[in-house]
Amino acid sequence: MDLHEFQAKGLLRNYGVPVPDGGVASTASDALRVAKELRGDAWVIKAQVHAGGRGKAGGVKVVNSFSDVYDVASHMLGMKIVTKQTGPEGKIVRRTLIEKATDIKQEIYLSFLVDRDSEQHMIIASAEGGMDIEEVAEKNPNAIVTERINPVTGMGLFLGRKIAKKIGLESSLLNKFADVANKIYNVFADFDGMMLEINPLVVTGDGDIVCLDAKMNVDENALYRHPKIEEMKDYGELEPQEVRASIFDLSYVSMDGNIGCMVNGAGLAMATMDIIKSFGGDPANFLDVGGGADVNKVREAFKIILTDPKVKVIFVNIFGGIVRCDLIAEGVLKGSDEVPSDRSIVVRLDGTNVEEGRRILEEGAAKTGLNIVTADTMADAAQKAVELAAGEDYNPEKKKTAAKAKE
């Protein structure tokens, strides 16, 4: 789950991490009010969207007058931010963060991540903050320092000072950096963070260290431990299908393809997307109905796919165990009945009650006119789905030819 910058900074502030004074505004008038309350003679206005690279896309502006605060906020609110992370569809700005401008002497990059290979946390730091860390890694990899942190023992001031020395900070800043870095790490660890990036962490003209930006992602599987974090979820940043999936406790991730997938089991769902790609197709989503789904949950899952305008073909790939094939078939028919569609449905069923499931689908298709295409294997189903999505009729001879060519 992604947090907005102002939400992440709120957590950091509660842990004693220095962050600029500021406030959130959803209208230009609110922005002007916040700036007047902050006083000063310069302010930074930041678009609040779940994406990096906002500055390059016009989502971060420095202004020097109240009239500019109002004008810039008016322009920014409602604009579409397009960055590498948003894709071409972009993100609509609904809120801005107005902060008092900071006197910047030096910029530092600092982030904490989960390192799955070592099953530990990782700290990444560089004296070349304010830039894309990928660009720094490519052009000057020696400027990046990494250290692993045992989540049981935590970070400690010693490691903070070690990092500060490695990135070349002045000796007078070693303890300050270590203190701030440890507090940031505590926020990351305490709230089950997956990533917490501060870019830039700055040294001010007065020699203080301040978090000028904050990008945080937390583990959704741990939200039951953090009800206050769960309340921060911004449904306006999610795809409509993702919002609906969260209501029915479905694992759903929207993607850019045109083949909708409904699968039971995360491993099978990943394999389904892989095999679609291997036949030259593109999955439109990851959707795992789970092992304990009932007819209503399957129905809602199928309706979510049907409401995605990108989807041209639906691939239902089920290995029946606890979730029986006949239950899946009933859910598919109910979902199709509530959200009528002429899209082809490629179905591969196997496992518990598979014959009953196929019978239900065949009879349902005969009554309703649904274009249900059955398949015996994953490969067979995937190729059918890819060809149908491309506007082709499935051709068994073409499949044989393709198989021979691979041999």
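Taking M122, is it surrounded by fewer than 18 Cβ atoms within 10 Å (Cβ to Cβ), in a strand (DSSP E or B) and of a type outside the set (S, T, N, Q)?
yes
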Quiz item: Got a sec? Which of I98, I133, I104 is of a type in the set (V, I, T), touching a residue at least 60 places away in the same chain (Cβ under 8 Å) and surrounded by fewer than 17 Cβ atoms within 10 Å (Cβ to Cβ)?
Solution: I104
Practice problem: Name the one entry in V62, V34, V69, V24 that is of a type in the set (V, I, T), in a strand (DSSP E or B) and farther than 30 Å from D219 by Cβ. | Solution: V62
Quiz item: So which residues in the range 343-360 are farther than 17 Å from T377 by Cβ and over 31 Å from the mean Cα position of the chain (by Cα)?
Solution: T352, N353, E356, R359, I360
Exercise. Determine, yes or no, whether D41 is acidic (D, E), in contact with a helix residue (DSSP H, G or I) (Cβ under 7 Å, 6 or more places away or on another chain) and either modelled with pLDDT of 95 or more or surrounded by fewer than 19 Cβ atoms within 10 Å (Cβ to Cβ) (or both).
Key: no
Practice problem: Mind listing whichever residues of the range 243-279 are out of contact with any Pro (no Cβ under 6 Å at 6 or more places or on another chain), buried (at least 17 other Cβ atoms within 10 Å of the Cβ) and in a helix (DSSP H, G or I)? | Solution: R244, A245, A269, T272, I275
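Is it the case, given these coordinates, that D192 is of a type outside the set (G, A, S), touching a residue at least 60 places away in the same chain (Cβ under 8 Å) and assigned by TED's automatic domain parsing to the domain that holds M131? Let's see the steps before the verdict.
On the way: of a type outside the set (G, A, S): yes; touching a residue at least 60 places away in the same chain (Cβ under 8 Å): no; assigned by TED's automatic domain parsing to the domain that holds M131: yes.
No, not satisfied.
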Exercise. Go through the residues of the range 361-375 one by one and say whether even a single one is out of contact with any helix residue (DSSP H, G or I) (no Cβ under 9 Å at 6 or more places or on another chain) and either touching a residue at least 24 places away in the same chain (Cβ under 8 Å) or closer than 16 Å to C261 by Cα (or both).
Key: no
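The values are calculated or read from the model by the stated rules, or taken from the named source; none is laboratory data. Quantities reported herein were computed from a predicted structural model and do not represent experimental measurements. Glycine also receives a Cβ, built like all others from the backbone with ideal geometry; neighbour counts cover every protein chain displayed.
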